[in-house]
Amino acid sequence: MNNAAKIYSLWLFLALGACTKDPGFHVAEYKEIKFEDVASDVKVPSKIWDMLEFKAVSEHGEAQAASHGEAPKAEGGGEHGEKKEGAAGLPKEIIFSEVNVFLVEKNADIVKGEAIKIELPKGGGEIDLAQFISDQKGSFYVGFEFPEFTESTAQKVLFLSKGRKRRIDDKVIGAGCNQVLDITASFMKAMSKEGLKVNTTRERYTSVLAGTFFIAAQKAGNIYISQVTFKDSKHQNLFCEVP
């Protein structure tokens, strides 16, 4: 595991270790916001695409039985993607699916609306944190709901970081530019509890969330995929590239 992965995993561990009886992002009522626009194309590195297809990837990022060349793009324009050969030569279809994101404040006046549920279309989408997070100092929870995890035989959650590393006091936050991290185990554990707890002080939350979460589930011979990209138009300087 490289240093970036260790830093991000440590952050997830600390978030989970802080779990209490607080319901986190699991609250009774949300302000619901539905994104109607089809997700923009997201260029997916071949290593990520192979992992989302549940191919074994070596330490050097080379997938077994992976084809060479440019990886396909994750597009939200249609329900179904391309068909690939699965077990026993049977067709395996890539299906782009919906995903929901929750932003729920722990401290008052952090989330504009207190508790928000954002419904993203097939293929996922992009969320500008500047629209939902205030300038107040405090913490809030981030939750994900991917319906296709239900009855799935395998799950995969990857994070492609687009946040610059930076030092705040004695800690380094942010995974760094273009780091690919497999956070499946920590993510699944966090979603079963309070979610990911992040803090707004000195824009820590932006450095932690900057990038794209890729989510995949395998069931009935098919693979269901979505993605959530976080940007922050108020703090573009914290990103590797302008969101």
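The radius of gyration of the Cα set in region 185-243, together with its Dmax, comes out at 14.5, 45 angstrom. Principal semi-axes of the equivalent ellipsoid, √(5λ) from the alpha carbon gyration tensor of region 157-196, are 22, 15, 6 Å from largest down.
Given 0.36 nm per residue, what is the gain on full extension from Glu145 to Arg166 after removing their alpha carbon distance, in nm? Can you show the working numbers first?
On the way: separation 21, 0.36 × 21 = 7.56 nm, distance 2.97 nm.
Once the chain is fully extended between Glu145 and Arg166, it gains 4.6 nm.
Accessible surface area normalised per residue over region 146-243 is 41 Å², counting heavy atoms of protein chains with a 1.4 Å rolling probe.
Say the cut-off is 25 Å between C-alpha atoms; which of Lys117/Lys197; Lys43/Lys197; Lys34/Lys112 go over it?
Numbers: Lys117/Lys197 16 Å; Lys43/Lys197 28 Å; Lys34/Lys112 16 Å.
Long pairs (Cα-Cα over 25 Å): Lys43/Lys197.
When Rg and Dmax are taken over the Cα atoms of region 90-243, they come to 15.7, 54 Å. Accessible area per residue was computed with a 1.4 Å probe on protein heavy atoms; Glu145 scores about 80 Å².
Counting only Cβ charges, +1 for Lys and Arg and -1 for Asp and Glu, the dipole size of region 84-226 around its Cα centre is about 560 debye. Taken about its Cα centre, region 128-177 carries a charge dipole of about 460 debye when Lys and Arg each add +1 at the Cβ and Asp and Glu each add -1 at the Cβ.
The values are calculated or read from the model by the stated rules, or taken from the named source; none is laboratory data. Predicted, not measured: the structure shown is a model, and the values here were computed from it. Positions of Cβ are generated from backbone atoms using ideal geometry, with glycine treated the same way; all protein chains shown enter the neighbour counts. The accessibility values were calculated without ligands, DNA or RNA, using every heavy atom of the protein model including side chains. Shrake-Rupley method; radii C 1.70, N 1.55, O 1.52, S 1.80 Å.
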